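Undergrad: Take this structure first; my questions come after.
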Amino acid sequence: MSIAPDPPMSLNRILFPFVLVLAATCAVHAQSQQAIGEWRDHFPYRNTVAVAEGGDNIYCATATGLFRYNPGSGEILRLNKVSALNDVGIQGLAWNQPLGMLLVYYTNGNLDLLQGESSYNMGDIKRSSILGNKGIYSVYFEGTTAYLGCGFGIVKVDLARREVRETWFIGPSGAQVQVNGITVFQDSIYAATNSGLFVAHRFAPNLASFDSWYKRTDMGNGMAQGPFNATTRFGDKLLVNYKGSASNKDTLLLLDGSNVWGRYQPLYGSINRNLNVSSDGLFLVVPHENSLHLYDQDLTDVNSVYGYLGSYAEPLQAIRSFGALLWIADKNQGLVRSPGGDVGVGVRPNGPNTSNTWRMSSSGGALYVATGALAGNWTNTFLKDGVHYLQQGEWRTIDRGTYPLMDGVNDFGGAVNDVVNVVVDPEDPGHAFLGSWDEGLIELKNGQPVTIYNADNSSLLTEINSSGGKVNVFGLDYDRDGNLWMTNPITTSPIVVRTADGGWHSFSPGNLLNGNTLVSDIIAASNGYKWIVRPRGNGLLVFNDGGTITETGDDQYKLLNSTVGTGGLPAPDVFCAEEDEDGQVWVGTSKGVAVFYTPSAIFESDSYDAQQILIEQDGNVQILLETESVSAITVDGANRKWIGTQTGGVFLISADGREQIQHFTAANSPLPSDNIVAIAIDGVSGEVYLATDRGIMSYRSDATESADENSCAKVFPNPVHETYAGPIAITGLVRDSEVKITDVSGNLVYRTTSLGGQAIWTGNDMSGNRVATGVYLVLATDRLGTFKCNTKVLVAR
């Protein structure tokens, strides 16, 4: 079986011109506002996996993207699925000097070629019918030919023509072997694999035949069967690294002209991640688990690095540049520039520290990300990453490394563990609360943790049968009166409120839950009811305090499940719930979406079951998202629903759910994964934040929160230049306002209705023709004609 060569590939895309300028030690800069319909990434750039040098630039990759850094100008260009790449799961980088081309290779066999300002994709290996591991693990160049070490063998690629030439299965009888390194030494080509070191004569007539290859078995000490994770030619020697066990570590083997193997004693017992020869061929860089060494051609140790930036080194790859600097792709510190010794400067784009997301919350232009997680049995995973927040275009992190209060106060785990939820004060974007599955409730003010609320200073209770003061807080939501409602799982009173005046009260459903007080998210609905998710197949709990928080005599509780007459949910596994602008409650389950159209009926009627939405698709009537596990639902300013799923990406549907407006997946958008974990919307700009299990992407939608009265606060862009072909946004409107565009003579050019607080003009007239250069009037009025406004926009053609 081989990979059929594809015809020469056409231009894939032009690199997105988004450049940052580096600050003194770390690139931390606001990202410019993107246009409607555009994406931007919010990936972390600390956990880097590969580094390469080429064209006066340094390239550094994480699993989800990479960035290009110019040491001379300090400019940083982010490169990911938004701008240049076609995939995530980056395995490594390689620079081809003759073509000035960067190869970005992936764990699934995909390959991107970046040349100048253009990007090409070669998906031949990924699309091939080869069974098993298609990942690319190494690259070796001969001129403009690349030899790709893959999970099954070697693929020969003509980079100039962007064509696959040959596929080599080099294992015994053509068996698949994972090739971790390729090099040429003297008259032979070597392949370091998980199954041994394979070799063939360089000019054998048919290297695609496994008969041309044999395994070297003369290393001794039982190393013939491998695994070998790297090989390279350095000076007059062949170097091969035998990857040992956790106890025996690695052995770096040397082969010179005598064809006798030796062992490089100074590195015996080290973990050698890879072998990197400098572009001038004079130096070898070997990164280890917590250090790296630099050697000259005599294999004399000429430099070493053990730590930088206040921490020990964790290099996954490192290179030496022409400027005698070491560039290190560090596991936790991003790209590090070091002259050697324990000195280093961090270089990376601004972003959250990690990609971990469990819940998100946005209000007033601020986004907060809860980074904890719970195991399948709803126990701690002990993540201590705190909370990331984005404000005014800049990401920051609140964790134990930045604020001592995040070390926690109880005896469970030694720090604030598993921040699983966050809510932003709707009146103050600098004020937020975190729910920790460990420490209770943590209050933030102006980006700093100020108070931890637990059983000692609030109505929160410790977990039943726990020791060390463990307090769990999961669900968080404000009601319309400014009271903060929360769930306090695995306690006798799992519903708690912190009132607007700072008072505390807790509520118990008594024996209704049969002792199972595991609860998660909570919605404080506009009619006063609290909707509470019960995980692990237990449906929902609805609570009505009767409008009297301090009086419990009028409290009501009801359980909702999948049985007709007691909720009628499509499945008892409920993952999320959300109230829309009309007061209807949308519920996401393992079998799609259901809606409670009349929530008041829960306590006022015997008929209150949820309803599923029927849609017509290709002439067939079916249930909306019937086969999807719905993980997140968020409502935008136009009352449309953004619905995230565990395997199908994200759907944007109309207010009534009967029309699909958008469906974004990893295949048709910059999303790094189809597993949507959480969704949050910035109502001011309409930016929709989509958290996946591989990081956060955002998409600027065409709907915003509506204003209380039409102000026509902004037309964006204004003026509209002749090179601009995107939508023109009119913001600051009352929901469903009628918007008319006229010329200065009063002739109607275009009319539309606002989506929430924003209306979109395409720049065309009603017939779809582009309007001429001139000043145009924007006239807006709400449905009742109460609020009116007007403004102007200049269009240049």
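The values are calculated or read from the model by the stated rules, or taken from the named source; none is laboratory data. Bear in mind that the values here come from a model prediction, so they are computed numbers and not experimental data. Please note: Cβ atoms are built from the backbone with ideal geometry, for glycine as well, and neighbour counts cover all protein chains shown.
Undergrad: Could you pull out the residue among G756, G732 that is at positive phi, crowded, with 20+ Cβ neighbours inside 10 Å and over 29 Å from the mean Cα position of the chain (by Cα)?
TA: Values: G756 fails: over 29 Å from the mean Cα position of the chain (by Cα).
That would be G732, the only listed residue that is at positive phi, crowded, with 20+ Cβ neighbours inside 10 Å and over 29 Å from the mean Cα position of the chain (by Cα).
Undergrad: State the number of residues belonging to the range 389-404 that are surrounded by 17 or more Cβ atoms within 10 Å (Cβ to Cβ) and within 16 Å of I442 (Cβ to Cβ).
TA: Here the count works out to 5.
Undergrad: Given the criterion within 37 Å of the chain's Cα centre (by Cα) and of a type outside the set (A, V, I, L, M), identify the matching residue among N303, N259. It would help to see each step written out before you state the result.
TA: Numbers: N259 fails: within 37 Å of the chain's Cα centre (by Cα).
Answer to the check: N303.
Undergrad: Moving on to the next point. Looking at the range 457-471, can you tell me whether even one residue there is outside the structural domain of A632 (by TED's automatic domain parsing), at pLDDT 95 or above and within 26 Å of D609 (Cβ to Cβ)?
TA: Checked the range 457-471: no residue is outside the structural domain of A632 (by TED's automatic domain parsing), at pLDDT 95 or above and within 26 Å of D609 (Cβ to Cβ).
Undergrad: Mind checking which residues of the range 93-111 are over 20 Å from the mean Cα position of the chain (by Cα) and surrounded by 20 or more Cβ atoms within 10 Å (Cβ to Cβ)?
TA: L93, A94, W95, N96, M101, L102, L103, G109, L111
Undergrad: A follow-up question, please. Which condition does N121 not pass, out of (1) in a strand (DSSP E or B); (2) outside the structural domain of E53 (by TED's automatic domain parsing), if it passes all the others?
TA: (2)
Undergrad: Within the range 200-221, is even one residue hydrophobic (A, V, I, L, M, F, W, C), surrounded by fewer than 18 Cβ atoms within 10 Å (Cβ to Cβ) and within 28 Å of H293 (Cβ to Cβ)?
TA: no
Undergrad: When only residues in the range 192-212 that are outside any strand (DSSP E or B) and not hydrophobic (A, V, I, L, M, F, W, C) count, which is farthest from the chain's Cα centre (by Cα)? Before the answer, list the steps.
TA: So in the range 192-212, the residues outside any strand (DSSP E or B) come out as 194-195, 202-212.
Cutting the leftovers down to not hydrophobic (A, V, I, L, M, F, W, C) gives us 194-195, 202, 205-206, 209, 211-212.
Values: N194: 31, S195: 34, R202: 43, P205: 47, N206: 44, S209: 42, D211: 45, S212: 44 Å.
Per the criteria, the residue is P205.
Undergrad: If you don't mind, there's one more thing I want to ask. Pick from the range 463-488 the residues that are buried (at least 23 other Cβ atoms within 10 Å of the Cβ) and touching a Pro at 6+ places or on another chain (Cβ under 9 Å): which of them is nearest to N380 (Cα to Cα)? Steps first, answer last, please.
TA: Our first condition is that a residue be buried (at least 23 other Cβ atoms within 10 Å of the Cβ); within the range 463-488, this holds for 470-476, 485-488.
If we keep only those that are touching a Pro at 6+ places or on another chain (Cβ under 9 Å) as well, we get 472-475, 487-488.
Values: N472: 10, V473: 12, F474: 12, G475: 16, T487: 17, N488: 15 Å.
Selected residue: N472.
Undergrad: Would you mind listing the strands (runs of 3 or more DSSP E) fully within the range 744-797 where at least 2 residues are in contact (Cβ under 8 Å) with a residue 12 or more places away in the chain and more than 21 Å from A638 (Cβ to Cβ)? Even if it seems obvious, please write down each step before you answer.
TA: Numbers: elements: 748-753, 758-761, 774-781, 788-795.
It comes to 748-753, 774-781, 788-795.
Undergrad: Let me ask something else. Checking the conditions here, which among I490, I442, I452 is outside any loop (DSSP other than H, G, I, E, B), modelled with pLDDT of 95 or more and in contact with a Ser or Thr (Cβ under 8 Å, 6 or more places away or on another chain)? So that I can check it myself, show each step before the final result.
TA: On the way: I490 fails: outside any loop (DSSP other than H, G, I, E, B); I452 fails: in contact with a Ser or Thr (Cβ under 8 Å, 6 or more places away or on another chain).
Residue meeting the stated conditions: I442.
Undergrad: Anything in the range 715-735 that is free of Cβ contacts under 8 Å to residues at least 60 places away in the same chain and closer than 16 Å to C789 by Cα? List them, or say none.
TA: If the condition is that a residue be free of Cβ contacts under 8 Å to residues at least 60 places away in the same chain and closer than 16 Å to C789 by Cα, then T731, G732, L733, V734 are the ones that fit.
Undergrad: Same structure again: Among (1) under 24 Å from D606 (Cβ atoms); (2) buried (at least 17 other Cβ atoms within 10 Å of the Cβ), which single condition is S590 missing?
TA: (1)
Undergrad: Consider V177 against the criteria (1) assigned by TED's automatic domain parsing to the domain that holds D256; (2) surrounded by 23 or more Cβ atoms within 10 Å (Cβ to Cβ); (3) not acidic (D, E): it satisfies all of them except one. Which criterion is unmet?
TA: Among (1) assigned by TED's automatic domain parsing to the domain that holds D256; (2) surrounded by 23 or more Cβ atoms within 10 Å (Cβ to Cβ); (3) not acidic (D, E), the lone unmet condition for V177 is (1).
Undergrad: Out of G334, G351, G386, G408, I need the residue that is crowded, with 21+ Cβ neighbours inside 10 Å and touching a helix residue (DSSP H, G or I) at 6+ places or on another chain (Cβ under 6 Å). Which one?
TA: Working: G334 fails: touching a helix residue (DSSP H, G or I) at 6+ places or on another chain (Cβ under 6 Å); G351 fails: touching a helix residue (DSSP H, G or I) at 6+ places or on another chain (Cβ under 6 Å); G408 fails: touching a helix residue (DSSP H, G or I) at 6+ places or on another chain (Cβ under 6 Å).
Going through G334, G351, G386, G408 in turn, the sole match is G386.
Undergrad: Exactly one of (1) within 30 Å of the chain's Cα centre (by Cα); (2) part of a loop (DSSP other than H, G, I, E, B); (3) not aromatic (F, W, Y) is unmet by A577. Its number?
TA: Tallying (1) within 30 Å of the chain's Cα centre (by Cα); (2) part of a loop (DSSP other than H, G, I, E, B); (3) not aromatic (F, W, Y), A577 fails exactly one: (2).
Undergrad: Yes or no: the range 310-328 includes at least one residue that is buried (at least 20 other Cβ atoms within 10 Å of the Cβ), farther than 21 Å from T231 by Cα and of a type in the set (F, W, Y).
TA: No, every residue in the range 310-328 fails to be buried (at least 20 other Cβ atoms within 10 Å of the Cβ), farther than 21 Å from T231 by Cα and of a type in the set (F, W, Y).
Undergrad: Name the one entry in N668, N747 that is out of contact with any strand residue (DSSP E or B) (no Cβ under 9 Å at 6 or more places or on another chain) and within 22 Å of L779 (Cβ to Cβ).
TA: Values: N668 fails: within 22 Å of L779 (Cβ to Cβ).
Every option except N747 fails the conditions.
Undergrad: So which of E738, E687, E722 ends up being among the acidic types (D, E) and modelled with pLDDT under 90?
TA: Details: E738 fails: modelled with pLDDT under 90; E687 fails: modelled with pLDDT under 90.
Criteria check complete, one pass: E722.
Undergrad: Ok, one more. Determine whether G171 is surrounded by fewer than 22 Cβ atoms within 10 Å (Cβ to Cβ) and within 17 Å of F67 (Cα to Cα). Give the derivation first.
TA: Details: surrounded by fewer than 22 Cβ atoms within 10 Å (Cβ to Cβ): yes; within 17 Å of F67 (Cα to Cα): no.
No, not satisfied.
Undergrad: Shifting gears a bit: Just one of the numbered conditions (1) buried (at least 23 other Cβ atoms within 10 Å of the Cβ); (2) closer than 21 Å to T357 by Cβ; (3) β-branched (V, I, T) is not true of T704; which one?
TA: Failed condition: (2).
Undergrad: Let me ask you something else. Restricting to the range 73-92, and then to whatever is under 14 Å from the mean Cα position of the chain (by Cα) and not in a strand (DSSP E or B), can you tell me which residue is nearest to G116 (Cα to Cα)?
TA: Restricting to residues being under 14 Å from the mean Cα position of the chain (by Cα) and not in a strand (DSSP E or B), the top hit is N80.
Undergrad: Here's a follow-up. How about the range 735-752: which of its residues are surrounded by 14 or more Cβ atoms within 10 Å (Cβ to Cβ) and not aromatic (F, W, Y)?
TA: Let us first name the residues in the range 735-752 that are surrounded by 14 or more Cβ atoms within 10 Å (Cβ to Cβ), namely 735-743, 749-752.
Across the range 735-752, the qualifying residues are R735, D736, S737, E738, V739, K740, I741, T742, D743, V749, R751, T752.
Undergrad: Which of (1) hydrophobic (A, V, I, L, M, F, W, C); (2) under 20 Å from V775 (Cα atoms); (3) surrounded by 22 or more Cβ atoms within 10 Å (Cβ to Cβ) does A725 not meet, given it meets every other one?
TA: (3)
Undergrad: So which strands (runs of 3 or more DSSP E) stay within the range 213-289 end to end and still have 2 or more residues that are more than 30 Å from P98 (Cα to Cα)? Don't jump to the end; show me each part of the working.
TA: Numbers: elements: 213-216, 228-234, 237-242, 251-255, 261-263, 284-287.
Hits in the range 213-289: 213-216, 251-255, 261-263.
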